[in-house]
Amino acid sequence: VQLQASGGGLVQAGGSLRLSCAASGGTIDKYAMGWFRQAPGKEREFVSRISRVGGTLYYATSVKGRFNVSRENAKNTVYLQMNSLKPEDTGVYYCAASTRLAVDRTTAGAYDYWGQGTKVTVSS
């Protein structure tokens with residue numbers, strides 16, 4: 001499956017963005033999906049994940065209460081709604097797909113497929 005993330009851009013602190021991750025070459029209902037981000041000079045970090053049918057959601061502490069992950073399997077798309085953005089949310093955001101069971105999906109190694117990333121810049 002190929003993943004294409006989009007929706008990034010430049011936004012002021014306190015603003016919102018909605019990222020999309022569109023899949024092709026396969027249907028995403030087979031995959032648990034995750035979002036990660038990487039700030040300049042830092043390691044890639046977990047942001048959020050959602051189970052195959054969307055019943056289980058999980059967020060990093062730093063984004064809990066501000067970000068919402070969702071999916072529309074019929075559209076083969078996963079979303080990340082980001083509200084109350086802060087400068088520290090700046091980075092390249094990646095979506096990823098996992099077929100693995102009994103793994104820690106807050107770690108990048110749990111994912112089999114990755115999108116190319118979309119850049120988010122939050123100005124203060």
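No lab work stands behind these numbers, since they all come straight from the coordinates. Quantities reported herein were computed from a predicted structural model and do not represent experimental measurements. Neighbour counts are summed over all protein chains in view; Cβ atoms, including those assigned to glycine, are modelled from backbone coordinates with ideal geometry.
Note down the net charge around D112, summing +1 for each Lys or Arg and -1 for each Asp or Glu among other residues with Cβ under 13 Å from its Cβ.
Combined, the nearby Lys, Arg, Asp and Glu give +3.
Grab the other residues whose beta carbon is less than 10 angstrom from that of Y79, score K and R as +1, D and E as -1, and report the net.
Details: positive: R18, R71, K75; negative: E72.
Residues close to Y79 contribute a combined charge of +2.
Which one, R71, R52, R100, has the greatest fluctuation when you compute a Gaussian network model over the chain with C-alpha springs under 10 angstrom?
R100
Using Cα centres only, tell me the gap between the range 106-122 and the range 1-44 in whole Å.
Centre-to-centre (Cα) distance: 6 Å.
Compute the signed sum of charges (Lys and Arg +1, Asp and Glu -1) over the other residues within less than 12 Å, Cβ to Cβ, of I50.
+2
Report the residue, chosen from L101, L57, L80, that carries the largest GNM mean-square fluctuation when the chain is represented by alpha-carbon nodes joined by springs under 10 Å.
Of L101, L57, L80, the most mobile in the Gaussian network model is L101.
Output wanted: per-residue J couplings in Hz (rounded whole) for the range 80-86, from phi through Karplus 6.51 cos²θ - 1.76 cosθ + 1.60, θ = phi - 60°, x for Gly and Pro.
Karplus-based 3J(HN,Hα) across the range 80-86 equals 9, 8, 10, 10, 6, 5, 10 Hz.
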